[in-house]
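Student: Starting off with a structure, shown below.
The values are calculated or read from the model by the stated rules, or taken from the named source; none is laboratory data. Model, not experiment: these values are computed from the prediction. Cβ: placed from backbone, ideal geometry, glycine included. Neighbour counts: every protein chain shown.
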Amino acid sequence: MFCKNCGAAMDPRAAVCLSCGVKAGVGNNYCSNCGATHDPNAVVCLKCGCQVKGANTSDTFIGAIKTCFNKYATIEGRASRSEYWYWFLFNFLLTFIAWIPVLGWLISLAVLVPSFTVAVRRLHDTGRSGWSLLFGLIPFVGWIILIVFYVQKGDDGANKYGLNPNV
């Protein structure tokens, strides 16, 4: 791991950089994966291709909603816990509008596909196949299994489904 402020190599468990004293994760001039310099507005490191820390907008309520609609039918990749649970909260809040007959049907149709795809991407983040959603077909127990999968911490670093969305 490299300091994002000065680019010095640092222990991944360190809270602060020993070279510059800046808290780990602060700054945006150096890639935390390879140490290469990059534009502070960059979303991806041009040298190693990893996502730049702080470029993940799905860590906010509005950002997660935008991400889920932008990835409307995309099951490739991974979704962080915050992205999934903010989307869940958004759907929960929509149920208060869904009692209006025609509007309720339209809302349900509009969020059906992104709800499915963000669930698959969330399972990918924990290293599981999207086929794990089939556990939901098991009455009661299946939903508990899925909730346990959804609340688990995602795999550190890249896995076979893509880069870590929390980096």
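Student: Starting from residues that are in a helix (DSSP H, G or I) and among the β-branched types (V, I, T), keep the ones in segment 74-112 and report whichever is farthest from G157 (Cα to Cα).
Tutor: V102
Student: Within the set of pairs 6 or more residues apart or between chains, which connect a residue that is closer than 14 Å to F149 by Cα and surrounded by 15 or more Cβ atoms within 10 Å (Cβ to Cβ) inside segment 61-84 to a residue that is among the acidic types (D, E) and at pLDDT 90 or above with Cβ atoms less than 8 Å apart?
Tutor: R78/D125; A79/D125; S80/D125; R81/D125
Student: Could you identify the single residue in I62, I107 that is closer than 30 Å to T37 by Cα and of a type in the set (V, I, T)?
Tutor: Answer to the check: I62.
Student: Give me the pairs, please: first residue somewhere in segment 92-112 and closer than 21 Å to K71 by Cα, second residue anywhere and modelled with pLDDT under 85, beta-carbon distance under 7 Å, and either six or more positions apart or on two chains.
Tutor: I107/I97; I107/A98; S108/A98
Student: Collect the residues in segment 95-133 that are in contact with a helix residue (DSSP H, G or I) (Cβ under 8 Å, 6 or more places away or on another chain) and exposed (fewer than 12 other Cβ atoms within 10 Å of the Cβ), keeping them in residue-number order.
Tutor: Scanning segment 95-133 gives a single hit, I97.
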